[in-house]
Structure formats: structure tokens, C-alpha cells
1. Give me Phe17, Phe120 sorted ascending by neighbouring Cβ count inside 10 Å, so fewest comes first.
2. Treat the count of other C-beta atoms within 10 Å as a stand-in for reagent exposure and order Asp102, Asp29, Asp56, Asp74 from fewest to most.
3. If you add up the charges near Leu89, with Lys and Arg at +1 and Asp and Glu at -1, over every other residue whose beta carbon is less than 13 angstrom from its beta carbon, what do you get?
4. With r as the distance between the Cβ atoms of Val51 and Arg103 and R0 = 25 Å, compute the FRET efficiency 1/(1 + (r/R0)^6) and round to 0.05.
5. Around Arg108, under 11 Å between beta carbons, what's the net of Lys plus Arg minus Asp minus Glu among the other residues?
6. Can you pull out the trypsin sites (Lys or Arg not before Pro) in the stretch 81-123 that DSSP calls coil and that have at most 15 other Cβ atoms within 10 Å?
Amino acid sequence: MPTIPPYFSRPKEDSMFQQIMLVGNLGSDPEMRYTPSGVPVASFSLAVNRVWNSQDGQRQEKTTWFRVTAWRRDAELVSQYLSKGRQVLVLGEVEEARPWTDRDGNLRASLEVTARTIRFLGGRDGGGSSFSADPGAMAGGEEQLSDEDIPF
């Protein structure tokens, strides 16, 4: 009988993992602030568009908004180099939905994402650059998983 790889075994309660990958455009310039202990934090809205053709051939588009937060050195780089309209790739963790009211009084929600990696896409020279949060850079100082810990 073949041996079952350890990553197929039943996970422990404290070994859960989730990650989201987003490619979108900044909907606003990053907002830079500092925690009471002086830790830099930058937040920005990210619009992710989904485009498809309906059954009658009409082009349809839906925009989903995310609120992205970057910490420490990542926050400083985001604040320095990103601006409204810039396309980025964000890898991170979904935190919670944040309700808000639009101009017409409709209740909406955006998902809060803590960025682990941010890649600048389509810069002035057509290239991009990236940076990643170090394990201690996040709010709770969570432990970063290595590639060996990920089962795919």
C-alpha cells in the first residue's frame, strides 16, 4: 500500500491556511499612517474587474473592491511608488468584510486584505518590481510558511 504524503493527512486545528491573489488597479492613492508605536501602515483601495460576454453577446463588467493594507517597509514602498490607477498584483490574506455606504445610499462591502507580497505591474518602463513582507512585518507577527509547507 502506498504511503500517504503528510500534506494529505488531516490538518491540525491551528494549521489552517488561506491566501488570495489579486490583480487590479489602485482606486485611490495609498494612505500612509503610523501605529502608536511608530510602525508604518499604508492602505489603498484595489479595483479588480471581471469582464465577460453575456449570452446575447453584450460585454459585461463587474468591479469588486478590496481594501489592501501593507505594513512596515512594504507600507513605505507602497506610499512612495504607488498612486491611483497603478496596476498591481497582491498576494495576501483576507481579514474581514468592511461595510460602507455608496453615494446613492446603498450598503456595500469591501474585503480587507493584509498584503504579504505586492508586485508593481506595468510601470513606466513596462516592467514591474515586487517586494514581500517578512514574517514579523504583519500585525500579529504570524509565522510565514515555506514552499515546502505548501502541498501544491
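1. On the way: Phe17 10, Phe120 18.
Final ranking by Cβ density, sparse to dense: Phe17, Phe120.
2. Asp56, Asp102, Asp29, Asp74
3. Summing Lys and Arg as +1 and Asp and Glu as -1 gives +3.
4. So, using R0 = 25 Å, E works out to roughly 0.60.
5. Numbers: positive: Arg98, Arg103; negative: Asp102, Asp104.
Net of charged neighbours comes to 0.
6. Answer by residue number: Lys84, Arg103.
We did not get these values from a lab; they are worked out from the coordinates using the rules stated. Since we're looking at a predicted model, the values are computed, not measured. With ideal geometry, Cβ positions are generated from the backbone for all residues, glycine too; neighbour counts draw on all protein chains shown.
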